[in-house]
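Below: the structure, in structure tokens.
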Amino acid sequence: MPIKIVGVTNCPAGIAHTYMAAEALETEAKKRGYQIKIETQGSIGVENRLSPKDIEEADYVILALGRGLSDDERARFADKRVLYVDISEVLKNPAEIIENLEKRAVKFENINATHQNQVTTGNTKRSVGVFGHLMNGVSFMIPFVTAGGILLAISTALVGGGKTSPGSFAFLLENVGVIGFQLMIPILAGYVAFSIADKPALAPAMIGAWLANQRDVLGTKGGAGFLGAIAVGLLVGYFVQQLKSLKFPKTMQALMSFLIIPAVTTLLISILVFYILGPIISGIMFSINSFLNSLSTVSKIIVCIVIGMMIVFDMGGPINKAAYLFSLGMVEQGNALFFGTVAITNVIPPVALGLATLLRPDLFKPDEIANGKSAVVVGLFGITEPAIPYAVNDPLAVIGAQMIAASAAAIVGVLFGVTRIAPGAGILDPIIGIAKPALGYYTALAIGILINVALVILFKSIRKKKNSGLFVNS
């Protein structure tokens, strides 16, 4: 009987990594004659869902995750042999994962309140980690910001940049867009906490984060923004996790998850936010925003160069997401310049590498050439992940070229004052009105792509000549 494997893949955005990892695992497993079924938890929901029978018959389970799983999802794999890996590891080396599955997989004990988000075997625990919880929050937040930003952009376009009239269609879109941005903060906090401690943590975190952003209630100059959301989400999540681990009389257990824990936690986090967290973090956010707004053009260029390099350095990894989250948080504070840099540099790596394979196929591997055209198409819509396999195969040449190109594009973007008010769709951003000005956006993007293509061809050519012995080492 062939080995049977089931698995789950998910990533923060739920767009590219989720499906690329699933495809990579399926390809490697089928090469070896294994049976495999992968459940993808993407932006459009769960596809290819694993049935209880699928899981029962499986010899191994692969959990390739970029964000956490709920208690119910984890409980499905109780007593199965499970390999827990970060989704980026799958993208880098799927063959190694399949080859070493028997050695690396461990028995997955049923998850209870004491072992949240852990794969446990004996005394060995593997935690999802703080970053995984943050990415879970980001994945739920992005649709709110995207929808809100696009509606705001349409509203602005309808009135030609002027003021909307109460009762008009543009007025409706404007206010709905604002609601999307207002919900961004509590959603981020709520699902960070949810990733840590599941449903009992959701309401307290959302309420606490909403309070942290109410400057009128707190009496502060600004809201706590995304920093407040992260702080509240983590505090609530880990506090609820500890509460759930305590032993209570059986008569109280039924009330704990839906009544006692949410009520007690909401009370405590509200007091903490009102008297301590809210004023402190709001002051920090106000100071950061004031400082950024006061920067000279040269200083803004330096900040945007750093953001651009972070975006292209690991293409969807923790460094990329840190820059992304910071820039998006600044939009909520009224500064969209840095998110404009994100909009430009997100597109550059896959498009440039795809074009390079068309111009100089002799410098690339057959699989890289085969994926070149799709990398261009997908990359144009702001999905950076198709560039990852190229970077894995030749990190110095690819990442080096990308960082230089991103720096140049960031400079041009700042000089044109390119801004973006919401997550978008790459080259369509200026068309739908969330990135402005269009000329600046497309100019910066074109310059970045051209430099990236030229440099990656140059660096790879140098490496090829050196490997051929044409260069003599001094």
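Observations on the model:
- Residue list for the range 67-93, filter: farther than 25 Å from ILE319 by Cβ, part of a loop (DSSP other than H, G, I, E, B) and in contact with a strand residue (DSSP E or B) (Cβ under 7 Å, 6 or more places away or on another chain): PHE77, ALA78, ASP79
- Condition met for ASN346 (outside any helix (DSSP H, G or I), in contact with a helix residue (DSSP H, G or I) (Cβ under 7 Å, 6 or more places away or on another chain) and either in the same structural domain as ALA435 (by TED's automatic domain parsing) or closer than 22 Å to LEU428 by Cβ (or both)): no
- Breaking point among (1) buried (at least 16 other Cβ atoms within 10 Å of the Cβ); (2) closer than 21 Å to ALA21 by Cβ, for VAL392: (1)
- The range 149-159, residues that are in contact (Cβ under 8 Å) with a residue 60 or more places away in the chain and surrounded by fewer than 22 Cβ atoms within 10 Å (Cβ to Cβ): ILE154, THR156, ALA157
- Residue check, MET206 within 30 Å of ASP71 (Cα to Cα), within 16 Å of the chain's Cα centre (by Cα) and among the hydrophobic types (A, V, I, L, M, F, W, C): no
- Selection from the range 334-353 of residues that are of a type in the set (Val, Ile, Thr) and out of contact with any Gly (no Cβ under 7 Å at 6 or more places or on another chain): VAL342
- Pairs, first farther than 10 Å from SER43 by Cβ and not assigned by TED's automatic domain parsing to the domain that holds MET135 in the range 1-21, second aromatic (Phe, Trp, Tyr) and buried (at least 23 other Cβ atoms within 10 Å of the Cβ), C-beta under 7 Å, six or more apart: none
- Matching entry among GLY316, GLY334 (being assigned by TED's automatic domain parsing to the domain that holds GLY448 and either crowded, with 18+ Cβ neighbours inside 10 Å or over 25 Å from the mean Cα position of the chain (by Cα) (or both)): GLY316
- Selection status of ILE383, under 27 Å from LYS460 (Cβ atoms), of a type in the set (Val, Ile, Thr) and assigned to a helix (DSSP H, G or I): no
- One residue from PHE274, PHE286 being over 28 Å from the mean Cα position of the chain (by Cα), aromatic (Phe, Trp, Tyr) and over 22 Å from MET403 (Cβ atoms): PHE274
- A residue that is touching a residue at least 40 places away in the same chain (Cβ under 8 Å) and under 26 Å from ALA425 (Cβ atoms) cannot be found anywhere in the range 239-250.
- Top-ranked residue in the range 24-60 [being hydrophobic (A, V, I, L, M, F, W, C) and in a helix (DSSP H, G or I); ranked as surrounded by the fewest Cβ atoms within 10 Å (Cβ to Cβ)]: ILE55
- Positions within the range 415-445 being buried (at least 24 other Cβ atoms within 10 Å of the Cβ) and either touching a Ser or Thr at 6+ places or on another chain (Cβ under 8 Å) or over 27 Å from LEU458 (Cα atoms) (or both), in sequence order: VAL418, ARG420, ILE421, ALA422, PRO423, GLY424, ASP429, ILE434, ALA435
- Qualifying residue in the range 217-232 (condition: buried (at least 24 other Cβ atoms within 10 Å of the Cβ), on the phi < 0 side of the Ramachandran plot and touching a Phe, Trp or Tyr at 6+ places or on another chain (Cβ under 7 Å)): no
- Pick from the range 363-380, criterion assigned to a helix (DSSP H, G or I) and in contact (Cβ under 8 Å) with a residue 24 or more places away in the chain, ranking: nearest to PHE459 (Cα to Cα): LEU363
- Of all residues making up the range 134-183, the number that are in contact with a Leu (Cβ under 6 Å, 6 or more places away or on another chain) and of a type in the set (Val, Ile, Thr): 2
- Count - residues of the range 63-104 that are more than 21 Å from the chain's Cα centre (by Cα), under 28 Å from ALA193 (Cβ atoms) and of a type in the set (A, V, I, L, M): 4
- Matching residues, the range 41-75, being modelled with pLDDT under 90 and among the charged types (D, E, K, R): ARG67, ASP71, ASP72, GLU73, ARG74
- Residue check, PHE326 of a type outside the set (Ser, Thr, Tyr), surrounded by fewer than 22 Cβ atoms within 10 Å (Cβ to Cβ) and outside any helix (DSSP H, G or I): no
The values are calculated or read from the model by the stated rules, or taken from the named source; none is laboratory data. From a predicted model like this one, the values you see are computed outputs, not experimental measurements. Heads up, the Cβs are rebuilt from the backbone with ideal geometry, glycines too, and the neighbour counts pull from every protein chain shown.
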